[in-house]
Structure formats: C-alpha cells, structure tokens
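The values are calculated or read from the model by the stated rules, or taken from the named source; none is laboratory data. Because the structure is a prediction, the values reported are computed rather than measured. So basically every Cβ, Gly included, is an ideal-geometry build from the backbone, and we count neighbours across all protein chains shown.
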Amino acid sequence: MSGFDPTLDPKPVQVRRLEVLTGVGGRRRWSPDDKARIVEESLAPGATVSEVARRHDIRPQQLFGWRRGMRIPEPEPPMSFVPALVEAPQKSERTRPKPVRAGRGDIELEIDGVVVRVCRGAEAKTVAAVIKA
C-alpha cells in the first residue's frame, strides 16, 4: 500500500523504522604521502588494484586515477646530430647540374646518398620525422 492518500483528510503516517548512518560523511581527503604509499602498494609484484583498493576502502577507479596522475613521463631519447657539410656543387663535364629552386632559408641534406630538401616554413616535427625515417 502506498503512503500517498489523494483524499483531503490526511492521516498521520507512523514511522516504523529509522536508520542512522554514522562514520565519515562526504569526501575523504587523502594526503599526497598516503596516495603515494597506496599507489606504490598497488604496483608491488603480485598485487592487484582491486585488493589494494578494498583494503583502503576506496574504489578501484579512484586508485587507477591516482596511478595515472603519478605516472612519470618517459624522457624522449636524445636526438643525434649528423655533421653538416656545406660545399658548392661540383660541375662535371659528363653531367649537367640540375637547377635547384632553393630559396632563401631552404636546407638540403644528403644522408647516405639520399637528398632531403627542407623548404622554408616546414614544421619541425615533420622534418624530424622525415630525417628519422
């Protein structure tokens, strides 16, 4: 039976059961040291995130978030530089040199017999990827 009575004569409702919740209310605050300790515990060999989260009364998703936030980015590998050789093209009697439309600020690289021309305005990431390939 519903507690809703559509009549105009309200009947007093009697409370049969009342629950009182005690303990921590709202959000808990974890210190950075506590978070680091719990994350370190979850990274131990053989440990599972669910077990560690259960032991500390937190959700596994929260622990995964802490782990993601504490990830240290891996350093990028150092770039190696190749020596640059700047010289004028030599004229050969047998072959006629091809005219190159090299404007001001263009760069021409020769790496193991492969010539790479970098035109002015090229993005550094693109040039690095081409040279690396």
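Number of residues in segment 32-80 that are outside any loop (DSSP other than H, G, I, E, B) and without any contact (Cβ under 8 Å) to a residue 24 or more places away in the chain equals 20. Residues in segment 108-133 that are closer than 22 Å to PRO78 by Cα, at pLDDT 75 or above and loosely packed, with under 10 Cβ neighbours inside 10 Å: GLU123, ALA124, LYS125, LYS132.
Residues checked against (1) at pLDDT 95 or above; (2) surrounded by 10 or more Cβ atoms within 10 Å (Cβ to Cβ); (3) of a type outside the set (Phe, Trp, Tyr); (4) farther than 30 Å from ALA133 by Cα:
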residue: PRO32; (1), (2), (3), (4): no, no, yes, yes
residue: GLU40; (1), (2), (3), (4): no, yes, yes, yes
residue: ALA44; (1), (2), (3), (4): no, no, yes, yes
residue: GLY69; (1), (2), (3), (4): no, no, yes, yes
residue: PRO75; (1), (2), (3), (4): no, no, yes, no
